[in-house]
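The values are calculated or read from the model by the stated rules, or taken from the named source; none is laboratory data. Everything quoted here is computed from the prediction, not taken from an experiment. Positions of Cβ are generated from backbone atoms using ideal geometry, with glycine treated the same way; all protein chains shown enter the neighbour counts.
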Amino acid sequence: MRYTEAKLSKIAEELLIDIDKETVDWHANYDGSREEPKFLPAKLPNLLINGTVGIAVGMATSIPPHNLTEVINATTHLIDHPDASSKELLKFVPGPDFPTGGVIYDASAIETAYTTGKGSVTARGVIEVEEGKRGSHQLLISEIPYQVNKADLITKMAELVQSKKIEGIKDIRDESNREGIRIVIDLSSSSVPQKVVNQLYEYTELQKNFYFNMLALVDGLQPQVLSLKEVLKHYLDHRTNVIRRRTAFDLKRAEERAHILEGLIIALHSIDKVIATIKKSKDRGNAEANLIKQFKLTVIQANAILEMRLQSLVHLEQKKLEDELVEKKKLIAHLSLILKHPSKIAGLIKEELIEIKQNFGDERKTKLIQSGLKEFKEEDLIPEEDVILTLSRDGYIKRMLPTSFKAQARGGKGLIGFELKEEDQIQELITAHSHDRVLFFTDRGRVFQTEAYEIPAAARTARGKSIHNFLTLPAEEKVSAIVSYPKIKAPSFLVMATTNGLVKRSQVKDFSNVRRTGIIAINLKKDDSLRWVKTSSGEDEIMLVSAKGLSIRFKEREARPMSRTASGVRGMQIGRGDYIAGLDIIRKGEAAPKEQRLLVLMSKGFGKQTSLKEYKLQRRGGKGLRSAKVTEKTGEVISAHVVGVGTEEVLAFSKKGQALRTKLSEVRLAGRSTQGVRIINLETGDTLIGIVTL
């Protein structure tokens, strides 16, 4: 009993109102010392409004709380339309309304729960993203799901940050007060806010399912799983019985009072005879008997006359009694009418519910989203954008945005692109899309796979992360080529080239399921290594360029598609001391630029553009044509790129980490046998390793 002592709120009093009018049955309490009601009169449908969660022997109930206004609207609609279905009542009760607010999803799941009495709905807390200073962001949690402990939630988030399951969170603070919940999460400048938000939903109770099991004792005896309509119907049946019993109680009291008033009025009309009769009587009992006999009164009326005070004899008091009798007779007629017509009782229930709604109704706290939640995919959280991927010789890789580099004039020293160890240098760089699939080919002909967004993002001057953190690369192998392509509209073929001039063409679908430990991409001889990989359509042309400045152009169809374990065919005949320094694809078809050029780069920072019209189509396996004048001043050719006239900018990188972003138009258009112009002014001992087109 001590656990049930409480000060009742005003709305709680509505559950007890009329309990003193014999509206409900009573039985002995737990020790038989007192009596307690079997039910409460309940002027409002409390089972739905407050909800309940509990476990009994062999059964459990789970009913969520609801909005008072919505439940009353549904109840009054059911009074007016007894044949309304649970689905129709959902127009008034669209779903649970949790006191903690939040968001619930999926109208179809909610409909199933309310029509069958069983089901589940997904609830989420409310997280807002606010932009802070210097590009950083904050997450503000203002609402959490129902029955989630705030302190446990914060502890769980801290554990996830500590275990690095969620990255990008710098600090978590609880700034909640009496006005509401406020949990502030500070994010690092490099984090993606929406990614952190979705990880919080996935790994914490900021997203949870509330399971419906609308089990209730019907008439206090039989446990049943009820639909929304059945819950409201049983409430209306209970309330109808309460009002009928209350009306009968009031009618009985009104009839008893009217009976007494009739006796008092008879006595007042013959007051002198009444007084004389009482005076002549020996005692109270004799007086009672004499009054009953002489004035034809009942025992109750006679006792009321004997207890009547002298002030009732004045004229004004007589008038009050007569007026009261008139009111009592009207009340008796009204109450009798209610008991004779069930529609009158239904009307009273409706009136009382509307009154409660006016006094206590409020707005819905929980927002409802009609559609269900999509399955969480990390890819959905990554913004779609162009990125640059770089890899150093020691295996440090990172992902950057092209906007990290401001445009400069040709011939400058550029910006610091990387903070590298003195013995390390940049080895590979490509442009990609953040949602692309990325294949890593090793010098020994194996291939590994990851997604572009899985490569850690880093600042322009950062070293990056070791590639061994997410690829199972053998220690004796080095990544020699990186290629990216979209997963939805993937290219048809991959074209590979080795330093000794072999080329091989394989279908992209052969690399759709690359194991974590990698698979064979090409079979190589001991003195050869895989160096270049590009994508093609099957109708394109291949351009190979050697370190000594020779090049060959031939149709890719001349290299028939081969299996992954094949070695390839001769693409270009290589002279002594020479090797393949560049491979690129000349695009054909509608997607190809109207005019394409060959951009040749040399190790000491020189480069030039030459129209492809100057390179005749040859048969594969030849020695090729002169493509650049290689001198001690220019250094050997280090890469070659087929560029369209529409290409506006290029980003050049050196081994020591210098980077220069410049307009392609500043690289002079020249003939095949020229040495070109200086693109980047390199420091002593530094060399150019390649460019990417933007």
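Structure values in brief
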item: Pair list, Cβ < 8 Å and 6+ apart or interchain, from the stretch 511-528 residues that are not assigned by TED's automatic domain parsing to the domain that holds F440 to residues that are in a loop (DSSP other than H, G, I, E, B); result: none
item: In the stretch 658-681, the residues that are more than 23 Å from E595 (Cα to Cα) and crowded, with 23+ Cβ neighbours inside 10 Å; result: Q658, A659, L660, I680
item: Every residue from the stretch 287-317 that is more than 23 Å from R253 (Cβ to Cβ) and either touching a residue at least 40 places away in the same chain (Cβ under 8 Å) or exposed (fewer than 13 other Cβ atoms within 10 Å of the Cβ) (or both); result: K293, K296, L310, Q311, L313, V314, H315, L316
item: Conditions (1) surrounded by fewer than 15 Cβ atoms within 10 Å (Cβ to Cβ); (2) in a loop (DSSP other than H, G, I, E, B); (3) of a type outside the set (G, A, S); number of the one not met by T634; result: (1)
item: Residue ID - farthest from T115 (Cα to Cα), chosen from residues in the stretch 221-251 that are β-branched (V, I, T) and crowded, with 19+ Cβ neighbours inside 10 Å; result: T247
item: Matching option when the condition is under 30 Å from P82 (Cα atoms) and part of a helix (DSSP H, G or I), among I349, I300; result: I349
item: Those residues of the stretch 244-266 which are among the small types (G, A, S) and touching an Asp or Glu at 6+ places or on another chain (Cβ under 7 Å), in sequence order; result: none
item: Residues located in the stretch 637-694, provided they are in contact with a helix residue (DSSP H, G or I) (Cβ under 9 Å, 6 or more places away or on another chain) and at pLDDT 85 or above; result: V642, V643, G671, R672, V677, I679
item: Failed condition for Y203, given (1) surrounded by fewer than 18 Cβ atoms within 10 Å (Cβ to Cβ); (2) aromatic (F, W, Y); (3) under 30 Å from the mean Cα position of the chain (by Cα); (4) more than 30 Å from E384 (Cβ to Cβ); result: (4)
item: Residue identified as modelled with pLDDT under 90, out of contact with any Pro (no Cβ under 7 Å at 6 or more places or on another chain) and on the phi < 0 side of the Ramachandran plot among L251, L261, L268, L226; result: L268
item: Residue among R444, R516, R463 that is in contact with a Phe, Trp or Tyr (Cβ under 6 Å, 6 or more places away or on another chain) and in a loop (DSSP other than H, G, I, E, B); result: R463
item: Matching entry among L544, L494, L502 (being surrounded by 15 or more Cβ atoms within 10 Å (Cβ to Cβ) and over 25 Å from R626 (Cβ atoms)); result: L494
item: Residue in the stretch 265-283 that is in the same structural domain as I332 (by TED's automatic domain parsing), touching a residue at least 40 places away in the same chain (Cβ under 8 Å), in a loop (DSSP other than H, G, I, E, B) and surrounded by 15 or more Cβ atoms within 10 Å (Cβ to Cβ) present; result: no
item: Residues located in the stretch 567-610, provided they are of a type in the set (S, T, N, Q) and over 22 Å from E539 (Cβ atoms); result: S567, Q573, S603, Q609, T610
item: Condition check for T610: buried (at least 19 other Cβ atoms within 10 Å of the Cβ), β-branched (V, I, T), closer than 13 Å to R678 by Cα and touching a residue at least 12 places away in the same chain (Cβ under 8 Å); result: no
item: Among the residues listed as F376, F360, the single one being at pLDDT below 90 and at negative phi; result: F376
item: Residue list for the stretch 194-208, filter: assigned to a helix (DSSP H, G or I) and at pLDDT 85 or above; result: V196, V197, N198, Q199, L200, Y201, E202, Y203
item: Matching residues in the stretch 136-165 - criterion: being part of a helix (DSSP H, G or I), touching a residue at least 24 places away in the same chain (Cβ under 8 Å) and either hydrophobic (A, V, I, L, M, F, W, C) or within 13 Å of V184 (Cα to Cα) (or both); result: K150, L153, I154, M157, L160
item: Complete set of residues in the stretch 56-98 that are β-branched (V, I, T) and either closer than 22 Å to N209 by Cα or touching a Pro at 6+ places or on another chain (Cβ under 8 Å) (or both); result: T61, I63, V71, I72, T75, V93
item: Qualifying positions in the stretch 65-114 - aromatic (F, W, Y), under 19 Å from P45 (Cα atoms) and touching a residue at least 24 places away in the same chain (Cβ under 8 Å); result: F98, Y114
item: Filtered residues of the stretch 291-333 (kept if among the polar types (S, T, N, Q) and at pLDDT 90 or above); result: T298, Q301, N303
item: Counted residues, the stretch 450-489 - those being of a type in the set (G, A, S) and either without any contact (Cβ under 8 Å) to a residue 24 or more places away in the chain or not assigned by TED's automatic domain parsing to the domain that holds Y396 (or both); result: 1
